[in-house]
Amino acid sequence: MSSVVTRGLTRRFGSLTAVDHLDLDLPAGGVIGLLGPKDSGRSTLLGMLLGLVRPSSGEAEVLGSSIRTPAHHADRVGALVESPAFVPALSARANLVSLARLRALPTSRVAELIEVVGLTGRENEPVRRFSLGMKQRLGIAAALLPDPELLILDEPTIGLDPAGIVEIRGLLRDLGRSGRTVIVSSHLMAEIEAACDWLVIIRFDELVFSGPITDLMARTRAHIDIRAEHDEDHPRLLAALGEAGWTLRREGDLHASPRRRRVQLSSTAPPRTPASPWRGSSWSRTRSRRSSWRRPASGTASLRPPGQRAGGRWRDLGCDAP
């Protein structure tokens, strides 16, 4: 069963096309990431799915019901769009009870939701004392009041500190494991990758990718960035990497300015340890700064001296590794 299906979904604002003939078929259950740069049409798409924005053309279904009749599925969908708004003087519990009564929902779930989002022990404090992360958690609790099958969250981690981002990320994974379908919109790949099972990428109002995030990551390969300290070391570094089995693919002129110089490296059988590209080679006998290895969540690996920033006199050497 699909949670969301779109067929040629389009939304135009005058001469601007925000969403262009979008075809999607999203599975039910788990966390689905909607990724794209700002002004890519993500918020417009979510607005159409929620019945807040009327499509210019095309069709879409949410939980088997057309988006042109949102009342048929509204009670099965929860949403948090932008920043949540609450009465500052009221407690978290009082705010949730008020929202439940306004929507004619039972208030019996309030205590359960407070525990689900991790606000136990703080539910009687006024919301004005809450941090941004706690307000986001309370907003998610409000979206969960109708016990929805589908939960839509637009940028739930925006403005949060690292600790708050980790907390929200864990909450999203827990909600996905509970059997709900959670659609999370973000412009940060690292956030989507850490929490989602399925990925949708929109760029310039068009669909770039839709599928399991494992399929996308299988298409990518790690690469290494190496920055040489001195210009004269650059050719020697290339020679050492060649001796170690790396295949060099040059992009641009090696005699160009440092800012434009770039070399792509790849290998069918690359060294298995970060230091081995130059271990035992002529590069090991040259004077160089110590480098460190890191592998970010996006699949990119880098060799860079500790404490050094990109730019300056360090050179970029990119290489692909399996």
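Things to note:
- Computed 3J(HN,Hα) for region 16-22, one whole-Hz value per residue from the Karplus formula 6.51 cos²θ - 1.76 cosθ + 1.60 where θ = phi - 60°, is 8, 9, 7, 9, 10, 6, 8, glycine and proline marked x.
- Val208/Asn124 FRET efficiency (R0 51 Å; Cβ-Cβ; nearest 0.05): 0.65
- Cα gyration tensor shape for region 52-198, rounded if a/c is under 1.5, else prolate or oblate: oblate
- With R₀ fixed at 35 Å, the C-beta to C-beta distance from Ser56 to Ala218 puts the FRET efficiency at about 0.45.
- Using a Förster distance of 41 Å, the FRET efficiency for Asp174-Ser15 (Cβ separation, nearest 0.05): 0.40
- Multiplying the residue separation of Ala194 and Thr107 by 0.36 nm and removing their Cα-Cα distance gives an extension gain of 28.0 nm.
- When the GluC sites (Glu not before Pro) in region 1-89 are filtered for DSSP coil states and for at most 16 other beta-carbon atoms within 10 Å of their beta-carbon, the remaining sites are Glu82.
- Cα-based shape type of region 18-73, given that a ≥ b ≥ c are square roots of the gyration tensor eigenvalues and the cut on a/c is 1.5: oblate
- Solvent-accessible area per residue, Å², over region 39-157 with all protein chains present [probe radius 1.4 Å]: 46 Å²
- Extension gain for Ser2-Ala239 works out to 80.0 nm (0.36 nm per residue, less the C-alpha to C-alpha distance).
- Carbon plus sulfur fraction of accessible area for region 1-142, probe 1.4 Å, in percent: 52 percent
- Taking only the alpha carbons of region 12-114, we obtain Rg and Dmax values of 16.7, 48 Å in that order.
- Relative contact order computed over region 10-82 (Cα-Cα under 8 Å; 6+ residues apart), in percent: 25 percent
The values are calculated or read from the model by the stated rules, or taken from the named source; none is laboratory data. Being a predicted model, the structure only gives us computed values, none of them experimental. As a convention, Cβ positions derive from the backbone with ideal geometry for all residues, glycine included, and neighbour counts pool all protein chains shown. Protein only, heavy atoms only, side chains kept; ligands, DNA and RNA dropped before computing areas. Shrake-Rupley method; radii C 1.70, N 1.55, O 1.52, S 1.80 Å.
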